[in-house]
Amino acid sequence: MAKATRQAFAESLVKLAGNHQEIVVLDADLAKSTKTELFAKKHPDRFFEMGIAEANMIGTAAGLALSGKLPFLCSFGCFLTGRYDTIRMSVAYSQANVRLVGTHAGLGIGDDGHSQMGLEDIALMRALPTMGVFQPMDARETELVMEYLVNDWKGPAYLRLTRQNVPDLYPEGRVFQPCKLMEIVKVDVGRPGVVCFATGAAVAEAVAAAGALLPSGIAMSVWNVHSLKPFDEEGMLAAIKGARLVISVEDHSVIGGLGSAVA
Amino acid sequence: MKTPELLSVAKELRVWIIEMLAESRSGHPGGSLSSVDLLAALWFSEMRGVDAPGGIKDDRDRFIISKGHAVPALYAVLAKKGFIAPEELKTLRKTGSRLQGHPDRMRLPIVETSTGSLGQGLSVAQGLALGLRMEGKKSRVYCLLGDGEIQEGQVWEAAMSAPKFGLSNLCAILDANGAQIDGPVSQVMPLEPLADKWRAFGWHVIEIDGHDMEKILHAYKEARELGQSGAGRPVLILARTIKGRGVSFMEGKIEWHGVAPDGEQAKKAIAEIRGGGSNG
Ligand SMILES: Cc1ncc(C[n+]2csc(CCOP(=O)(O)OP(=O)(O)O)c2C)c(N)n1
């Protein structure tokens, strides 16, 4: 099965909203694309259509958080980071309990071009104090990250999602450990010569690459990184012990993303 | 509190502002002083649930100072209210102090949200008003804006959306002192007709002299009663003020926007405030 993480997000949001009256959702004329229309149909009284005015949406969400709500505000990632100053002051430096959801991550969105792609969003969000940054690799992990963001995470967080379908990768029965690395391709014998860290849609690519390298005798392990901040440094140091090469794969600028976190 | 008492509170707040700024040797006197009378009436007569020192109540009225650089005026109010000790005012702008040069919610939660980058407070105030209404709370939310500040586009996004959500528990106060940093507002980026603009966006506008205590009190009352009537409209109090009000050598002088008085100037200013007539 394959599903876009934006779709999995919206389904999870609707599921969680039943038991969590504090959840409210804001969108800026992209509810069809971010999939929050699912929520809007189910809970029209808790959905706020803010129009094409993202800065005001971000500030309004911050205010809702101050009143005790748990707002999810949604748009394309690039349109959110476009209002960086508002995220910076009204959310991050105010420690407002807001969930910023940026869909349409990276080149994976297809033909629309750079104006619609989140290409620097991880870098910008990571730089903000108090801001957590999360990117699930598939539908199941999206659901698990959502549960974590609703039940446990305190303070602001950014959730980065794909437009395109991504294959199911989450290992059956594996216990979810929030903010920890997860080994998704294990090397059978000895320690891997190559260790690969990947996040979001790039995890599937990395898994495919590991398979493609096997015939040539290269053993590559693949680690999924759903939490870019906090970043599991301990887990990373343990994972790369003895490795001859460490690589990172992500659909994002090489500056400030997963690669920078690993480096 | 009634007018005569409010006038004396306003004087005390002005003195503290001057003392604070002189002590820290930096800060913004002009826009702090222009908003003092508006804040005195609001905090000491109009707002509910903000009397408990040290206690932050869920159902209190809220105040957001969107023009964050005028925060010395708010710190003075909070000291007078007992939320912070008057001695703490001396720590303004010092490293480690709760009284940062611009409001910092992470250190001092009673400021509700961090501000200092202009143009953002009205959006946050609107979200707060929306959330409190959903919670069934009677709280009202006030937001102080500067007239230079409202050149920011985000303010007009909020101006557009608050009427859509029928936020009659939201009251914006525009401290229209006509001056910003690079010059008079009318030259930097003209905004008039201000009342027409806000009305056209769907706000109920009350235009007053922002130093006339009776008029200020009446405006707040009108705003509250309109809110209670279920009119479903946010209110903008368009307060015509004078930058630096209460200190004659600062009044209307753009150069006093962001410069602290030295010891001598502070002494002179305080003497004038203390000795001055009922309107400072
Ligand atoms: C986004 C942003 N741009 C610029 C500044 C710098 N700044 C601080 S105060 C000010 C002028 C504000 O004028 P006004 O809103 O009229 O305030 P007042 O005259 O009441 O002090 C400016 C430009 C800022 N704080 N935030």
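The values are calculated or read from the model by the stated rules, or taken from the named source; none is laboratory data. Please read these numbers as outputs of a predicted model, since none were measured by experiment. Every residue, glycine as well, gets a Cβ built from its backbone with ideal geometry; the counts of neighbours run over all protein chains shown. Accessible surface is based on the protein model in full, side chains and every heavy atom, while ligands, DNA and RNA are left aside. Shrake-Rupley method; radii C 1.70, N 1.55, O 1.52, S 1.80 Å.
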**Request:** Could you grab the relative contact order for chain B? Cα pairs under 8 Å, six or more apart, rounded to a whole percent.
**Result:** 25
**Asked** What angle, in degrees between 0 and 90 and rounded to the nearest 10, separates the Cα long axis of helix A:139-151 from the longest principal axis of the Cα atoms of chain A?
**Response** 50
**Request:** State whether the range A:1-47 is rounded, prolate or oblate according to the following rule on the C-alpha gyration tensor (a ≥ b ≥ c being the square roots of its eigenvalues): a/c under 1.5 gives rounded; otherwise a/b larger than b/c gives prolate, and the remaining case gives oblate.
**Result:** oblate
**Request:** Report the FRET efficiency, 1/(1 + (r/R0)^6), for A:GLU172 and B:ILE181, where r is their Cβ-Cβ distance and R0 is 60 Å, rounded to 0.05.
**Result:** 0.45
**Prompt:** Over chain A, what is the percentage of antiparallel beta bridges among all DSSP beta bridges, to the nearest 5?
**Reply:** 20
**Asked** Of the residues A:ALA40, A:ALA208, A:ALA238, which exhibits the maximal mean-square fluctuation in a Gaussian network model of chain A defined by a 10 Å Cα contact cut-off?
**Response** A:ALA238
**Asked** How big is the equivalent ellipsoid of the range A:182-262 along its three axes, where each semi-axis is √(5λ) from the Cα gyration tensor, reported in whole Å from largest to smallest?
**Response** 20, 14, 10
**Prompt:** What size of dipole, in debye to the nearest 20, comes out for the range B:3-275 about its Cα centre when the only charges are +1 on Lys and Arg C-beta atoms and -1 on Asp and Glu C-beta atoms?
**Reply:** 580
**Prompt:** Can you give me the Cα centroid spacing of the range A:206-235 and the range A:243-263 in angstrom?
**Reply:** 11
**Asked** How do the peptides A:81-91, A:101-111, B:124-134 rank, highest first, by the average count of neighbouring beta carbon atoms within 10 Å per residue?
**Response** B:124-134, A:81-91, A:101-111
**Prompt:** Mind checking the dipole of chain A: about its Cα centre, +1 per Lys or Arg Cβ, -1 per Asp or Glu Cβ, Debye to the nearest 20?
**Reply:** 320
**Prompt:** Short version: which residues of the range B:103-138 lose at least 50 Å² of accessible area, all chains versus chain alone, 1.4 Å probe?
**Reply:** B:ARG105, B:MET106, B:SER114, B:GLN120, B:VAL124, B:MET134
**Prompt:** What is the distance, in nm, between label points placed 7 Å from the Cα along the Cα-to-Cβ direction at B:LYS221 and at A:ILE247?
**Reply:** 7.6
**Prompt:** What is the Rg over Rh value, at two decimals, for chain B, using alpha-carbon atoms and the Kirkwood definition of Rh?
**Reply:** 0.94
**Message:** Using +1 at the C-beta of Lys and Arg and -1 at the C-beta of Asp and Glu, which of B:MET47, B:GLY146, B:SER8 has the Cα lying farthest in the positive direction of the dipole of the range B:3-275?
**Reply:** B:MET47
**For residues of B:62-72, the mean tally of beta carbons on other chains within 10 Å** = 1
**Item:** Loop-located trypsin sites (Lys or Arg not before Pro) in the range A:142-184, at most 11 other Cβ atoms within 10 Å (DSSP)
**Value:** A:LYS154
**Taking only Cα atoms of the protein assembly as shown, radius of gyration then Dmax in Å** = 26.2, 92
**Asked** So between B:ASP59 and B:GLU214, what do we pick up on full extension, going 0.36 nm a residue minus the alpha carbon distance?
**Response** 53.1 nm
**Complete:** Expressed as a whole number, the average count of other chain Cβ atoms within 10 Å around the Cβ atoms of A:44-55 is 3
**Asked** If you look at just the Cα atoms of the range B:133-253, how large are its Rg and its Dmax in Å?
**Response** 15.0, 48
**Complete:** Classified through the alpha carbon gyration tensor (a ≥ b ≥ c as square roots of its eigenvalues; rounded if a/c is under 1.5, else prolate when a/b is larger than b/c, else oblate), the range A:30-134 comes out oblate
**Message:** Just to confirm the filter: which trypsin sites (Lys or Arg not before Pro) across the range B:1-56 are DSSP coil and have at most 16 other Cβ within 10 angstrom of their Cβ?
**Reply:** B:LYS2, B:ARG25, B:ARG48
**Fill in**
Net charge (Lys, Arg +1; Asp, Glu -1) of residues whose beta-carbon lies under 11 Å from that of B:PRO184, B:PRO184 excluded, is -1
**Prompt:** Which angle between 0 and 90 degrees, to the nearest 10, do you get for helix B:153-164 versus the longest principal axis of chain B when only C-alpha atoms count?
**Reply:** 40
**Message:** Under the √(5λ) rule applied to the eigenvalues of the Cα gyration tensor, what semi-axes describe the equivalent ellipsoid of chain A? Give them in Å, descending.
**Reply:** 32, 18, 17
**Request:** Post the alpha-carbon centroid distance, the range A:10-70 to the range A:79-135, in whole angstrom.
**Result:** 16
**Request:** Pop a pseudo-label 7 angstrom from the Cα along the beta-carbon direction at both A:GLU233 and B:ASP51 and give the gap in nm to one decimal.
**Result:** 5.1
**Prompt:** So how much slack lies between B:MET106 and B:GLN228, counting 0.36 nm per residue of separation and subtracting their Cα-Cα distance, in nm?
**Reply:** 40.6 nm
